[in-house]
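For reference, the structure is listed below as structure tokens.
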Amino acid sequence: MRRVLLASLAPISAIVFSLIVASIALMLVGRSPITAFGAMWDFARTSTSVASMINRAVPLYISAVAVAVGFQMGLFNIGVEGQYLLAALFAGWVGGNIVLWAPLHIAVILAVAIIVGMVWSGIAGALKVTRGVHEVISTIMLNFIGFSVIAFLLLNYFKDPNGSSLNLATPPLPPSGQLPNLNWLFGALGFSEPRGIDLHGFAVFAIVVGVFYYLLVWRTRFGYELRASGINPGAARMAGVNPNRMIMNTMLISGGVAGLVGLAAVFGNLQSYTQDFPRNLGFNGIAVALLGRNHPVGMALGALLFGFMDRSALILDLKDTPKEVVTIMQGVVVLAVVIAYEVVNRFIERLEIRSAAEATREAVEGAAA
Amino acid sequence: MTDVRSEIETSSAPAWAANRWLRLTSMILGGVLLLAVVQSVSDTSELTTSGTWAAALRLSVPIMLAGLGGMFSERSGIVNIGLEGMMIAGTWFGAWAGWSYGPWQGVLFGVAGGAVFGLIHAIATVTFAVDHIVSGVAINILAAGSMRFLSVVTYTPESGGGATQSPGIKSQIATFDVPVISDFFNWLEAKRIFFVSDASGIIAGLTSNLSWLTVIGLAIVPVSWWVLWRTAWGLRLRSCGENPYAAESLGVPVLRMKYYGVVISGALAGLGGAYLVVVQAGIYREGMTAGRGFLGLAAMIFGNWNPVGTMVGSTLFGYADALRLRQNEAVHALLLAVAIVLIVLAVWSAARRRYTPAIFEGIFGVLFFVWYITTDSVPSQVVAATPYLVTLLVLAMATQRLRMPAADGLRYRKGEAV
């Protein structure tokens, strides 16, 4: 109980802090934070909003898992951004150009996305293992190279010849490549069904990814070695863990998961890869991973929180309040949460030192008496 | 780059090897000669014109400023991938003050805006020992979000402004031609003499229609070299990046030095952002930094965490960008230049019995040559990716020669020496 309390202390204080910063920002521009947050809360409580919130949380969660896999061994994959965009492009293109038996069709799309994500992160992994190039630098570079590759391929080879030239896109998914929506879930739970927005079927895959992540990290030998390499690389190596193989495998898994991020939109509202495909999910995924401290449930809560903020911010424009205040909150919350973890850790450290000192003194006094 | 540079350096007569300046001059002359030769055999005329080089200069300076900023931070031991965010703050505040007061005030506010985000990065990474990458990512998210917020609040009601752009700034910063030199070389460029006119075009481009802010930006290169390598303060700052615990034991105020490094870093990135607004665009447009903060980081790595190297890297990136904007065929001609350089390198490596690099260089040289003769143009997306690709290749091939500060990116807490 105390452990859960201490673990949630940091994120909660970070959220409170970001609310304070956002309130100050709103007051500075002469808007009432109470009205704004109240409106957001009310707006978010409809079935439609909940569906939209989950739809937004799904890619963030998968992206967070992709980042978290690397974090477990101190490996920083900030290339999720490039990996998911490239993967979504290829998956959208392949998916839009074939017609198969539906489950097979979807499996092919998933496989393409995972493989492309793996290839792109694998380059960073290979560069680190063979040439000692730091993965942060190589993934930043690969992100930008990926953006160019996407622009080139979409314009010259992958665009739908019958599509609009204003917004280039891959051909739309044929019916056999579409996932059914989950709107019936609301009815089954006794709520009204969402209107205008579907709860996309891809949400199921987010849960699968979360379970996969949990089993992989905490229930397999690989996961054990992964965590051991993160906590004490030297000790792990002495115990026979091959660090190069770990780096390579971790980058590949991280990239494979990252490949799925963009499918939320491909299977969701876009049904193809488009020029204005959602961006920044990779970077926001890092934020969610930090917020949820690489824990499968914590990250789910973090992703839902971000989804909630993104969805409920839409109402602010109608209330004459800049909805961008939400982006400030998201930025502040990331920074605040890592600082809060640090402060909480130092606090715990001090508590432990004190209790250890007391125990020693008692022992000494006991021995003396 | 270090690879390329040292190869070219040593390939000029060995007796010169002792003289740095002579080597540098011969290297530059060799480069100009190469461009002149390539230009004369291919169907382009833009490789060495004053117009191209003036554009290259304007495009390089912001990248270079971000790179120099990154250098100050990393020399003090703090990795700064928040450069992009700091630069965004520089563009916004630069445009805001430029629109409200005037261009020079814009520059000051841009610097201050970048420095504020530098300070946030410093508080997180130095005082709270947060992971540097994490903080940098957060800074990028935070800066982009808050500038959007400020735009909505400030610019939306104004004519010419909106949620994603500011009204124009009041005026541009004055420009000038370097007296005599500019005229003389412009005249010489027009003579169309092989090599002489090529060199003149480059000199003319770099000396005509100069903005004072460009001069200031360029002056920061020698100044930062002098400060970091010739003053006690600079030695202290660098010692914090190499071995903070040793520095601490000698009485260096490590935490304070790191604060200096990171705040200067933000200020320089902010200056780069302000430059984009004040010298180039004249307004703030959302996303106008377009990854230049990351390019600066690339230029810094490319330049081996040194000011001059950073400048060379940014010039290369800016030059490629300028060619792409002015004439796409010129970029195509550059393929030939790359092929020639690689093949010369291959011959040189083989002569020194370093066969593995020689084979690689030879293969790539031939590939570039084949690419050159079988195509007519280079897709603009390829050009956009070039700086990143080059950095990645340099990192992969020259890891032995690149050396980042030893304690760069490591967490430091006072009095925790092991």
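Could you grab the relative contact order for chain A? Cα pairs under 8 Å, six or more apart, rounded to a whole percent. Intermediate results must be reported in sequence, preceding the final value.
Numbers: 571 pairs, mean separation 125.8, N = 369.
Contact order relative to length: 34 percent.
Percent relative contact order of region A:194-333, based on C-alpha pairs within less than 8 angstrom and at least six residues apart?
Details: 72 pairs, mean separation 23.4, N = 140.
Relative contact order, region A:194-333: 17 percent.
Within region B:74-108, report the chymotrypsin sites (Phe, Trp or Tyr not before Pro) that DSSP leaves as loop and that have at most 16 other Cβ atoms within 10 Å. Could you put the intermediate results ahead of the total?
Numbers: sites: B:W92, B:F93, B:W96, B:W99, B:Y101, B:W104; in loops: B:Y101.
Here the sparse-neighbourhood loop sites are B:Y101.
Rounded if a/c is under 1.5, else prolate if a/b beats b/c, else oblate: with a ≥ b ≥ c from the C-alpha gyration tensor eigenvalues square-rooted, which is region B:327-401?
Numbers: a/c = 2.94, a/b = 1.49, b/c = 1.97.
Oblate shape, in that a/c is at least 1.5 and b/c is the bigger or equal ratio.
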Open item on the list: Rounded, prolate or oblate for chain A? Axes are the square roots of the Cα gyration tensor eigenvalues, ordered a ≥ b ≥ c, and the cut-off for rounded is a/c under 1.5.
Closed with: oblate
TODO: Send over the semi-axes of the protein assembly as shown's equivalent ellipsoid, whole angstrom and largest first, taken as the square roots of 5 times the C-alpha gyration tensor eigenvalues.
DONE: 43, 33, 29
Task: J(HN,Hα) series, region B:376-392, from Karplus relation 6.51 cos²θ - 1.76 cosθ + 1.60, nearest Hz, glycine and proline x - done: 10, 8, 10, x, 5, 5, 5, 5, 4, 7, 3, x, 5, 5, 4, 4, 4
Open item on the list: In whole Hz and in residue order, list the ³J(HN,Hα) couplings for region A:345-352 that follow from phi through the Karplus curve 6.51 cos²θ - 1.76 cosθ + 1.60, θ = phi - 60°; x for Gly and Pro.
Closed with: 4, 5, 4, 4, 4, 5, 4, 5
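In which sequence would B:D131, B:D43 go, from the one with the fewest C-beta neighbours within 10 Å to the one with the most?
Final ranking by Cβ density, sparse to dense: B:D43, B:D131.
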TODO: Let me know the charge dipole size of chain B about its Cα centre in debye, to the nearest 20, where only the beta-carbon of Lys, Arg (+1) and Asp, Glu (-1) is charged.
DONE: 940
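Averaging sequence separations of C-alpha pairs under 8 Å and six or more residues apart, then dividing by the length of region B:264-418, give the relative contact order as a whole percent.
Relative contact order, region B:264-418: 23 percent.
Which of the peptides B:402-410, B:337-345, A:183-191 is most tightly packed, and how do the rest follow, judged by the mean count of other Cβ atoms within 10 Å per residue? Display every interim value, and only then the final one.
Working: B:402-410: 16.6, B:337-345: 19.2, A:183-191: 12.0.
Peptide ranking by packing, descending: B:337-345, B:402-410, A:183-191.
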TODO: Of the options B:I216, B:S265, B:A298, report the single residue whose Cα projects farthest towards the positive end of the charge dipole of region B:196-331 (beta-carbon charges: Lys, Arg +1; Asp, Glu -1).
DONE: B:S265
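Return the Rg/Rh value of chain B, two decimal places, where both radii are evaluated on C-alpha atoms and Rh is the Kirkwood radius. Intermediate results must be reported in sequence, preceding the final value.
On the way: Rg = 22.2 Å, Rh = 22.5 Å.
Rounded to two decimals, Rg over Rh is 0.99.
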- [ ] Would you mind giving the mean number of other chain beta-carbons within 10 Å of the Cβ of each residue in B:372-381, as a whole number?
- [x] 2
Task: Globularity index of region A:106-167, i.e. its alpha-carbon radius of gyration over 2.2 N^0.38 Å - done: 1.42
Task: Residue-averaged beta-carbon neighbours from other chains (10 angstrom radius) around B:382-389 - done: 5
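With a 10 Å Cβ neighbour count serving as the proxy for reagent exposure, in which order, fewest first, do A:M53, B:M397 appear? Walk me through the numbers on the way to the answer.
Working: A:M53 23, B:M397 18.
Least crowded to most crowded, the residues run B:M397, A:M53.
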Open item on the list: Quick check on region A:47-203: take the gyration tensor over C-alpha atoms, sort the square-rooted eigenvalues as a ≥ b ≥ c, and tell me if it's rounded (a/c under 1.5), prolate or oblate.
Closed with: oblate
Open item on the list: Spelling out what I want: for every residue of region A:83-92, take phi, set θ = phi - 60°, compute 6.51 cos²θ - 1.76 cosθ + 1.60 (Karplus), and round to whole Hz; glycine and proline get x.
Closed with: 4, 6, 5, 5, 5, 5, 4, 5, 5, x
Task: Per-bin percent of Cα-Cα distances, region A:244-369 [10 Å] - done: 10, 25, 27, 16, 10, 7, 3, 1
- [ ] Please sort by residue number the chymotrypsin sites (Phe, Trp or Tyr not before Pro) in region B:188-263 whose DSSP state is loop and whose Cβ has at most 11 other Cβ atoms within 10 Å.
- [x] B:F194
Open item on the list: As an exercise, identify the trypsin sites (Lys or Arg not before Pro) in region A:174-232 lying in DSSP coil whose Cβ has no more than 15 other Cβ atoms within 10 Å.
Closed with: A:R195
TODO: Sort the following peptides by mean Cβ neighbour count (other Cβ atoms within 10 Å, averaged over residues), highest first: A:247-259, B:365-377, B:55-67.
DONE: B:55-67, A:247-259, B:365-377
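Hey, what's the Cα Rg ratio for region B:79-145 versus the globular rule of thumb, 2.2 N^0.38 Å? Please report the intermediate quantities before stating the final value.
Values: Rg = 12.5 Å, N = 67, 2.2 N^0.38 = 10.9 Å.
Relative to the rule-of-thumb radius for its length, region B:79-145 sits at 1.15.
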TODO: Please give the average number of partner chain Cβ atoms lying within 10 Å of the Cβ of each residue in A:321-334, rounded to a whole number.
DONE: 6
Task: region A:23-101 and region B:259-319: distance between their alpha carbon centers, rounded to Å - done: 30
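Just so you know, all these numbers are worked out from the coordinates, no wet-lab data involved. Being a predicted model, the structure only gives us computed values, none of them experimental. Cβ coordinates were reconstructed from backbone atoms using ideal geometry, including for glycine residues, and neighbour counts include every protein chain displayed.
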